[in-house]
Amino acid sequence: MSEDTTAAPDRSEAPASAYSWYVLGVLVVVYILNFIDRQILAILAVDIKRDLGLNDQQLGFLGGAAFAVFYALFGVPLGRLADRWHRVRLLTIGLVLWSTMTALSGFTRNFLTLSLARMGVGVGEATASPTAYSLISDYFPSRQRATALAIYSSGLYIGGGVSLLIGAKISKIWDAAYPGGGIGGLVGWQAAFVAVGLPGVLLAIWVASLREPARQPDAASGERHPLIDFFIDLSTLLPPLTFVHAMRRGVQAALVNLAMAAAMTGFALTMIELTGNVPQWSAIAFGYYAVFSWASTLRQQDPATFRLIWGTPAFICTALGYGLVSLGAYALALWSAPYAETVLKLPKDELAFVLGGCGAASGFLGVILGGHMSDWLRQRNPSGRILVVMFGILAPIIPIWVGFTTESALLFYVMNFLAGMFAATALGAAAATTQDLVLPRMRGTATASFFLATTLVGLGLGPYMVGAISDLSGSLRTGVLSLIGVAPISLALLIYAYRALPQAEATIAERARAAGE
């Protein structure tokens, strides 16, 4: 199937065109909607907890692993599909899927059905960043790439902030108009899901009008249709097909795969015994085993890509180091509103307006300033961007501590703003670093691998960790403050990445050729 591509001159030196900035603007709108659909759960959490009879661990699962595992796992084959297929078309399909699943979340009546809907949202949203990162990397030259990726990433914070405002307003208006439940018995939080989901289907028409840019010169074009490769890639993640792929690689590979499956099963059973939470640890163990199986298959099928991603410690340490930054950011995004509503007793309307506005503004400022600063530092120091990621893990510590120990609403809001802004500086820097460590044809896969860390580590564990510690200690404040404990681990990983990055980037072509590129 031929692609409708737009020829473009060599972008190694030329600045981005006006149309490139237009495309970036559309992608930002998509990402805003992406995070509205993803984060609206935060402002509705107290109502959902009450109506469905949930505890904080279950809320943490709904806001974390239920979405994150499927987002991460489908992101892997979808990232590879973005390297081979029409990216605009892929993004359009994904937008329709996640918007539909968000709307269906409004018709759920229990923990199980809401969990399944959140999983569907995760699958659809897995198309967004691999396609967007790949498009941006082709539309923008390297010297503007971190800035462009930072601007795109601002949609994360704008969407997360707007979701609080929209969710609270729709829920309040609906419950006031229909105190006993409206059409189909829907209550306010259910109506909010439906209302934010449906516009995405219309937005998909706009997205479909974008032009597909010409691929970078080394983009691979296989003989098989890319969708066939997608389903093959997907099969490397789904048991028992994971074991079939391992058997094809030999007896030793099969035994290693079985050993990993046994280890993850043991891990899940141990954590379930300790916490009593079956869905959380089943999902996490399944996700980690699936990623291991996929990486093992990638090592055989595309050794050059495996070498530049999984075989590059600088890439892994950057991704994991930022993953721990995102662990705190995702946890705060979910729990700040419920904390303010239940601990500080702030009215939902007020905290939605202030937290939503602060979240959008602080995230936007942080990610834009961080992107500009990382590009500036990168021109002067090959590892300069890593310094910005380090800032993103260290700077929020004091605001988190002060904000979640004060009884002052004003001080809580100010500290929440600062924590969000400081953490946001890291995203563009980390994303651009991982893109710079691979060949252009590998960018979609590199993006998917990067988001494995931000989702399976950050989103998969962060919201749940706070909820679990809250249930265990009887204090949501204690649960939130526990996030500070991940900073030393993240810093150690980033220090290693800082030292290893120059050599890793200087030897990309050499290492790819050695792996058979």
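Working note: 222 nm ellipticity from helices only, DSSP H runs with n ≥ 4, each -39,500 (n - 2.57), summed and divided by the residues of the chain, gives -26000 deg cm²/dmol to the nearest 500.
Considered as an equivalent ellipsoid built on the Cα gyration tensor, region 350-405 has semi-axes of 27, 15, 5 Å, the largest given first.
When the charge dipole of the chain is built from unit charges on Cβ atoms (+1 for Lys and Arg, -1 for Asp and Glu) and taken about the Cα centre, the candidate among 339, 490, 465 whose Cα reaches farthest toward its positive end is 490.
Packing-wise, with mean Cβ within 10 Å as the measure, how do 65-71, 147-153 rank, highest first?
Numbers: 65-71: 29.4, 147-153: 26.0.
Descending packing order for the listed peptides: 65-71, 147-153.
Modelled spin-label separation between residue 51 and residue 477, with each label point placed 7 Å from Cα along the Cα-to-Cβ direction: 3.1 nm. The alpha carbon centroids of region 475-497 and region 92-165 are separated by 26 Å.
Using Stokes-Einstein with the Kirkwood hydrodynamic radius over Cα pairs, what translational diffusion coefficient do you get for region 236-301 at 10 °C and a viscosity of 1.306 mPa s, in µm²/s rounded to a whole number?
132 µm²/s
Run the quick spin-label model on residue 183 and residue 251: label points 7 Å from Cα toward the beta carbon, then report their separation in nm to one decimal. Taking the two extended label points, one gets 6.4 nm.
Give me the base-10 log of I(q)/I(0) for region 372-517 at each q in 0.11, 0.16 Å⁻¹, Debye formula, one uniform scatterer per Cα, rounded to two decimals. For region 372-517 at q = 0.11, 0.16 Å⁻¹, log10 I(q)/I(0) is -0.52, -0.95. By the rule of a C-alpha distance below 16 Å, with chain neighbours fewer than 8 residues away ignored, the lysines paired with residue 172 are 348. Would you work out if region 102-182 is rounded, prolate or oblate? Take a ≥ b ≥ c from the square roots of the eigenvalues of the alpha-carbon gyration tensor; rounded if a/c is under 1.5, else prolate when a/b is larger than b/c, oblate otherwise. Because a/c hits 1.5 or more and a/b fails to exceed b/c, region 102-182 counts as oblate. As a ratio to 2.2 N^0.38 Å, the alpha-carbon radius of gyration for region 450-510 is 1.57.
Sequentially through region 100-117, phi angles give Karplus couplings (6.51, -1.76, 1.60; θ = phi - 60°) of 5, 5, 5, 4, 5, 4, x, 9, 7, 10, 7, 4, 5, 5, 5, 4, 5, 5 Hz, Gly and Pro residues having no value and appearing as x. Distances between placed amide hydrogens fall under 5 Å for residue 312 paired with no residue 5 or more residues away or on another chain. Take the alpha-carbon centre of region 443-463, take the same for region 357-388, and report the distance between them in whole Å. Each part reduced to its Cα centre gives a spacing of 19 Å. Here's the picture: a label point sits 7 Å out from the Cα of residue 492 along the beta-carbon direction, and within region 292-319 the residues with their amide nitrogen under 19 Å of it are 313-319. A Förster radius of 60 Å, combined with the Cβ-Cβ distance separating residue 511 from residue 405, puts the computed FRET efficiency at roughly 0.80. The Cα atoms of region 32-129 define a convex hull whose projected area, averaged across directions, is 5.8 nm². 3J(HN,Hα) along region 381-390: 8, x, 9, x, 5, 5, 4, 5, 5, 4 Hz, from the Karplus curve 6.51 cos²θ - 1.76 cosθ + 1.60 with θ = phi - 60°, whole Hz, x for Gly and Pro. Each label point was placed 7 Å from the Cα along the Cα-to-Cβ direction; for residue 227 and residue 394 their separation is 5.1 nm.
A simple packing score, the average count of other Cβ atoms within 10 Å per residue, orders the peptides 14-22, 484-492 as 484-492, 14-22, with the highest score first. Comparing 22, 376, 150 along the charge dipole axis of the chain, the residue lying farthest to the positive side is 376, per the Cβ-charge model.
Answer rounded, prolate or oblate for region 120-260, using the Cα gyration tensor with square roots of eigenvalues a ≥ b ≥ c: rounded when a/c is under 1.5, else prolate when a/b is larger than b/c, else oblate.
Working: a/c = 2.63, a/b = 1.47, b/c = 1.78.
Judged from the Cα gyration tensor, region 120-260 comes out oblate (a/c at least 1.5, b/c at or above a/b).
Sequentially through region 419-431, phi angles give Karplus couplings (6.51, -1.76, 1.60; θ = phi - 60°) of 4, x, 5, 5, 5, 5, 4, 7, 5, x, 5, 5, 5 Hz, Gly and Pro residues having no value and appearing as x.
A cut-off of 5 Å between modelled amide H atoms, ignoring neighbours fewer than 5 places along the same chain, links residue 212 with 6.
Every number here is computed from the coordinates shown, using simple stated rules; none is lab data. Being a predicted model, the structure only gives us computed values, none of them experimental. Using ideal geometry, Cβ is built from the backbone for each residue, glycine included, and neighbour counts are taken over all protein chains shown.
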